[in-house]
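Beneath this line is the structure, given in structure tokens, with notes to follow.
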Amino acid sequence: VKADENGTISLNDLETGKELILTVGGSYWSKRKLQVAALDPGETRELGDQILSPGVLLTGRILDPAGEGIPNAKIQLSDLNSKNEFSFGMGGIPGEFRGDTRTDEDGGFEIKGVRLGSYTLEANAPGFVLASTSVELGEGRKDKSVELHLASGGFVTGVVRDDDGKPLPGAKVALVKS
């Protein structure tokens, strides 16, 4: 639900007897998760004020070498501010939200409510080499746009076998530059 003009929310017809997770956030506010104990049938519970920290709307495009958008590329935003990805200010449940998404058909992406700080953004897609960049999100910025170009990549395939020619499932293979 969206908060009304006074910031008030009302969640109705909730499942009873099970613990719930309330997620509060927005495009320009860091997400906050709050564990809510199981409700009894007919119970109304006041959760009080939920204070949110400023956040940023992170958008961008992932492009191929020709400058065309890459659809369905995997995006991962890693928080360099702490050991937990997307640690939440003002309490809540840290580490649950991951900054993962995929690009749309034009190579665009959007991650809402990223808290201020330092991040690494990685992008990967089949047929392309993984690329990453540093992203700094500071005070006074309401949004940030990132453009990342992926280089074309090749493929290596094969079968790992033992001396008798039997396949070795689970064998680890490393490919390094010489």
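The values are calculated or read from the model by the stated rules, or taken from the named source; none is laboratory data. Model, not experiment: these values are computed from the prediction. FYI the Cβ positions are ideal-geometry reconstructions off the backbone, even for glycines, and counts take in every protein chain you see. Ligands, DNA and RNA are stripped out before the accessible areas are found, and what is left, the full protein with its side chains, is counted by its heavy atoms. Shrake-Rupley method; radii C 1.70, N 1.55, O 1.52, S 1.80 Å.
In the range 20-34, which residues are open to solvent by 50 Å² or more (accessible area, probe 1.4 Å) and outside any strand (DSSP E or B)? Selection gives Tyr28 alone.
For beta carbons closer than 7 Å, sequence separation of 6+ or different chains, a first residue in the range 51-67 that is free of Cβ contacts under 8 Å to residues at least 60 places away in the same chain and a second that is open to solvent by 40 Å² or more (accessible area, probe 1.4 Å) and not aromatic (Phe, Trp, Tyr), the qualifying pairs are Ile51/Met90; Leu52/Gly25. Taking the numbered list (1) in a strand (DSSP E or B); (2) open to solvent by less than 50 Å² (accessible area, probe 1.4 Å); (3) not aromatic (Phe, Trp, Tyr) in turn, Gly165 passes all entries but (1).
Checking the range 105-114 against the condition returns a match, with at least one residue being over 14 Å from the mean Cα position of the chain (by Cα), at pLDDT 80 or above and open to solvent by 40 Å² or more (accessible area, probe 1.4 Å).
Each row is one residue, and each column tells you yes or no for (1) closer than 30 Å to Lys18 by Cα; (2) modelled with pLDDT under 75; (3) surrounded by fewer than 16 Cβ atoms within 10 Å (Cβ to Cβ); (4) of a type in the set (Lys, Arg).
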| site | (1), (2), (3), (4) |
| --- | --- |
| Asp40 | yes, no, yes, no |
| Pro54 | no, no, no, no |
| Phe86 | yes, yes, no, no |
| Gly91 | yes, yes, yes, no |
| Gly99 | yes, no, no, no |
